[in-house]
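Before any comments, here is the structure.
What follows draws every value from the coordinates through simple rules; no lab data is involved. What you are looking at is a predicted structure, and each value in this text was computed from that prediction instead of being measured. With ideal geometry, Cβ positions are generated from the backbone for all residues, glycine too; neighbour counts draw on all protein chains shown.
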Amino acid sequence: MRVKPDAVFVPLNIAVLTVSDTRTFDNDTSGELLASRSVQIGHRLVARVLLKDDLYKIRAQVATWIADDQVQVVLITGGTGFTGRDSTPEAVQCLFDRSIDGFGELFRALSILDIGSSTVQSRALAGMANRTLVCCLPGSTGACRTAWEGILVEQLDARHMPCNFVKHLKPVQACESRG
């Protein structure tokens, strides 16, 4: 990572949502990866929720976090595939003030190294809503690792140059984990 001279790390308040009809907190390795990696580098996990793949429940949860003055980043894993139940993109895209087209493009470029042409079936996407970064990732732990290591670790770090998302996020005070 290229670091801005004299820049300091800014801890962000992150909420993690797992969308799955089969996972529980005991076997949610993807949500756990995103939550633990966030905390390991100094961010704060302010919420972690697991929901069934239901468009309106997903939309309601994400809309609540977007409106919450304490949530700066929402990381969603799951529901981005092509099955009939996969509805995460449809649930959240309408909430975006601005889409971040390069997120999905970069994710698929990185993902091709691991899964080849199957990456075309990824509907990973991101956007900004009420100065909250919302990222939708596939449900596999490998995909979440790819997104974290290849995009998120740098873009969620105020020291990363030439640019990152931190300055675009709403300012908040430190808060305790709210589950």
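One table, with the values for the structure above:
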{"quantity": "Centroid-to-centroid separation of the stretch 77-140 and the stretch 13-38 [C-alpha atoms, Å]", "calculated": "16"}
{"quantity": "Among Ile100, Ile115, Ile76: highest mean-square fluctuation, GNM of the chain, C-alpha pairs under 10 Å", "calculated": "Ile115"}
{"quantity": "Among Ala158, Ala109, Ala35, residue whose mean-square fluctuation peaks in a GNM of the chain (springs only between Cα atoms under 10 Å)", "calculated": "Ala109"}
{"quantity": "Neighbour-count ranking [beta-carbon atoms within 10 angstrom, fewest first] of Met128, Met1", "calculated": "Met1, Met128"}
{"quantity": "Net +/- balance of residues flanking Cys163 in space, Cβ distance below 14 Å, scoring K and R +1, D and E -1", "calculated": "+2"}
{"quantity": "Debye log10 I(q)/I(0) at q = 0.11, 0.12 Å⁻¹ for the chain, Cα point scatterers", "calculated": "-0.41, -0.50"}
{"quantity": "Under 21 Å from Lys167, Cα to Cα: lysines that are on another chain or at least 8 residues apart", "calculated": "Lys4"}
{"quantity": "Selected from Arg98, Arg123, Arg59 as most flexible by GNM, with the chain as the system and alpha-carbon contacts under 10 Å", "calculated": "Arg98"}
{"quantity": "Given charges at beta-carbon only (K, R positive; D, E negative), |dipole| of the stretch 13-168 in Debye", "calculated": "180"}
{"quantity": "Coil-residue chymotrypsin sites (Phe, Trp or Tyr not before Pro) of the stretch 82-118, DSSP, other Cβ within 10 Å capped at 14", "calculated": "Phe82"}
